[in-house]
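The values are calculated or read from the model by the stated rules, or taken from the named source; none is laboratory data. These figures come from a predicted structure and were not determined experimentally. A quick note on method: Cβ atoms are made from the backbone with ideal geometry, for glycine too, and the neighbour counts reach across all protein chains shown. Note: areas computed on protein heavy atoms with side chains; ligands, DNA, RNA excluded. Shrake-Rupley method; radii C 1.70, N 1.55, O 1.52, S 1.80 Å.
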Amino acid sequence: MGFGTEFNSVCKFKSEQELYELLEYGKGKMVKSGFRVYPTGQKVIAYTPNNEAIAIVRISASIAEINFQGEEVTQVEMQLVRKLTAEEAKIQTSLAYEMFFGERA
């Protein structure tokens, strides 16, 4: 048991549904496996499941717990600040591949 930090200003969605709820309602949450620490109160770049930058979000809560199945999970609650423009998304996506995701397939 331990905490992995997520202080690299990246918030990557694994679920299209979680991303849709954020973009549609302006608030949302995602569930990540393992215990993690997210920078509550800070703005980060949100990425789609396909590793494409899509928005700026503010992390409002990071809750690490053991769920009913006995798994360590972290729920991250966030608010949409704004969607990125096409140019911003392209630049942020390119930088993220270089810094976090590795080479494109």
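Among the residues of region 20-49, those that are closer than 17 Å to Leu84 by Cβ and within 9 Å of the chain's Cα centre (by Cα) comprise Val44, Ile45, Ala46, Tyr47, Thr48.
Out of Gly34, Gly26, report the one residue that is within 24 Å of Asn67 (Cα to Cα), modelled with pLDDT of 85 or more, of a type outside the set (Lys, Arg) and open to solvent by less than 40 Å² (accessible area, probe 1.4 Å). The conditions single out Gly34.
Quickly run through region 63-78 and pick out the residues that are on the phi < 0 side of the Ramachandran plot and more than 11 Å from the chain's Cα centre (by Cα). Passing the criteria: Ile63, Ala64, Glu65, Ile66, Asn67, Phe68, Gln69, Glu71, Glu72, Val73, Thr74. Residue count for region 37-54, restricted to those that are closer than 15 Å to Val76 by Cα and loosely packed, with under 13 Cβ neighbours inside 10 Å: 2.
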